[in-house]
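**Student:** Please read through the structure below; I'll follow up with questions.
What follows is calculated from the coordinates using simple rules that are stated; it is not laboratory data. Note that the structure is predicted; figures quoted are calculated from it, not measured. We place every Cβ from the backbone using ideal geometry, glycine too, and count neighbours over all the protein chains shown.
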Amino acid sequence: MSTKKTSLKDIAQKAGVSTALVSYVLNGKEKESRVGHEIAQKIKKIAAELNYQPNHLAKSLRSGKTHTIGLIIADISNPFFANIARVVEDEAKHNGYTVIIGSSDENAGKSRDLLNVLINRQVDGFIIVSAENSEEQIHYLKDKNIPFVLLDRYFPEIPTDFVSTDHYKASYEACSHLIRNGYQRIGMIAYDSQMFHMQERIRGYKDSLRDNNRHFQKSWLKEVRINTIENGVKAAIDEMLATDRPVDAILFATYSLAINGLKYINELRLNVPADLAIVSFGQAEVFELYYCPITYLKQPIVLLGQTAVELLVKKLKNNLNEPAQILMKAELVERASSTAKPVVST
């Protein structure tokens, strides 16, 4: 069986036209070259019959563009990032781009390696969910004039294009929701991280307590290292409950923290929300399947992904210089895990 690829010359010979004319038609330039409709249709039909596949490498070498986008996400196992990757892939395809996806696993070294690999693959630009301590990578892209858009996480001290949830407002609203529902001692479990989005979630929580006349207690906030998440969450919950006045509600700063927390709460045989109310960042089907459906902050995944692609494509086509910085609102989806506390009559 022959493995010889069909060439433009093969199509031209069968159609009885020049190779240049075939090239114009298959590259969508028949109107510019004033090719008749009938001959254009004939060429396309022959190309399909001969199973012609364009040589993208040769085309890329001529144009200097590969029509590929590098997407680096933080953790492919997290439903939020897996779903946002799908949105980016679909939106990029709609705009004529292919996406190459890599997961940094929240590791700056792996993120740097992915960046180098994708630059060597000559991707046209990047969409990046940054890992902690990856600022130098962002400076490198800026210095090399490689187009990129930061997604979900950004560095406020570095002027860049970004699309993100307003993490501060989301956290503020979640804590205020618990206060309105009668919870007095609200704890938060977050990552021990200096990433701006995480610090904004902590700041929103603290400001909500202050603005609602709740005096923040240091013992209410626990920060867990990402590489010891399971044991860290268990220790955090134990410490929150082992006081004379234990917390009566917990705000989890991420989906992963919430999942580990709910597992341990089950082990302790605590009832949600009677013993402990729960609100979490991030949406996942498991929150609906829990015996007490979990209240969560729903980030606008589709809009985040689509907007990031739109921004990058504009940069690639128009070489825009002014950075676009977009914050989007999260929606608080109220479920049974944070229902109002019954008023106790005296």
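**Student:** May I ask you to list the lysines whose Cα is less than 17 Å away from that of residue 218, ignoring any residue fewer than eight positions away on the same chain?
**Tutor:** 206
**Student:** With Rg and Dmax of the Cα atoms in Å defined as stated, name the option among (1) 20.3, 66; (2) 26.3, 97; (3) 21.7, 83 computed from the structure displayed.
**Tutor:** Only one listed value fits the structure, namely (2).
**Student:** When every alpha-carbon pair in the stretch 122-191 is counted, what percent end up more than 19 Å apart? Please list the in-between numbers first.
**Tutor:** Details: 1180 of 2415 pairs.
When every Cα pair of the stretch 122-191 is considered, 49 percent fall beyond 19 Å.
**Student:** Please find, in a Gaussian network model of the chain (springs between Cα atoms separated by less than 10 Å), the residue of 215, 197, 67 whose mean-square fluctuation is greatest.
**Tutor:** Highest fluctuation of the listed residues: 215.
**Student:** Under a GNM of the chain (C-alpha, springs under 10 Å), which listed residue has the highest mean-square fluctuation: 286, 313, 35?
**Tutor:** Its mean-square fluctuation being the largest, the pick is 35.
**Student:** Pairs to check: 263/341; 65/317; 65/93; 5/65; 234/298; 93/298. Give those whose C-alpha atoms are more than 19 Å from each other in this structure.
**Tutor:** On the way: 263/341 23 Å; 65/317 11 Å; 65/93 15 Å; 5/65 23 Å; 234/298 25 Å; 93/298 25 Å.
Violating the 19 Å limit, Cα to Cα: 263/341; 5/65; 234/298; 93/298.
**Student:** I would also like to ask the following. Among 220, 129, 23, whose Cα projects farthest towards the positive end of the dipole of the chain, with charges put on the beta-carbon of Lys, Arg (+1) and Asp, Glu (-1)?
**Tutor:** 23
**Student:** Using Cα pairs closer than 8 Å and at least 6 residues apart in sequence, work out the relative contact order for the chain, in percent. Display every interim value, and only then the final one.
**Tutor:** Values: 569 pairs, mean separation 57.2, N = 346.
About 17 percent, as a whole number.
**Student:** Now for a different question. Add -39500 (n - 2.57) for each DSSP H run of 4 or more in the chain, then divide by its residues: what number comes out at 222 nm, to the nearest 500 deg cm²/dmol?
**Tutor:** Working: 13 runs with 154 residues, N = 346.
When only DSSP H runs of four or more count, the value is -14000 deg cm²/dmol.
**Student:** Of all DSSP beta bridges in the chain, what percent run antiparallel (nearest 5)?
**Tutor:** On the way: 3 of 37 bridges.
Taking every DSSP beta bridge within the chain, about 10 percent pair in antiparallel fashion.
**Student:** Only Lys, Arg, Asp and Glu count, each charged at its Cβ (+1, +1, -1, -1), so figure out the dipole size of the chain about its Cα centre, rounded to 20 debye.
**Tutor:** Values: 43 positive and 40 negative charges, 276 e Å.
The calculated dipole for the chain is roughly 1320 debye.
**Student:** Which of 10, 244, 192 comes first, and how do the rest follow, when ranked by fewest Cβ neighbours within 10 Å? Provide the component values of the computation, followed by the final result.
**Tutor:** On the way: 10 17, 244 4, 192 12.
Fewest-to-most Cβ neighbours within 10 Å comes out as 244, 192, 10.
**Student:** Work out from phi, with θ = phi - 60° and the Karplus expression 6.51 cos²θ - 1.76 cosθ + 1.60, the ³J(HN,Hα) of each residue of the stretch 86-95, listed in order in whole Hz, and give x for Gly and Pro.
**Tutor:** The phi angles translate into 5, 4, 4, 4, 5, 5, 5, 4, 4, 9 Hz.
**Student:** Check residue 152: other-chain or 5+ apart residues with amide H under 5 Å from its amide H, H built from backbone geometry?
**Tutor:** Amide H to amide H, under 5 Å and 5 or more residues apart or across chains, residue 152 pairs with 163, 164, 165.
**Student:** Oh, and also: Using the Karplus curve 6.51 cos²θ - 1.76 cosθ + 1.60 with θ = phi - 60°, what ³J(HN,Hα) values do you get for each residue of the stretch 283-292, in whole Hz, with x for Gly and Pro?
**Tutor:** My calculation for the stretch 283-292 gives 9, 7, 4, 4, 5, 7, 8, 4, 4, 10 Hz in order.
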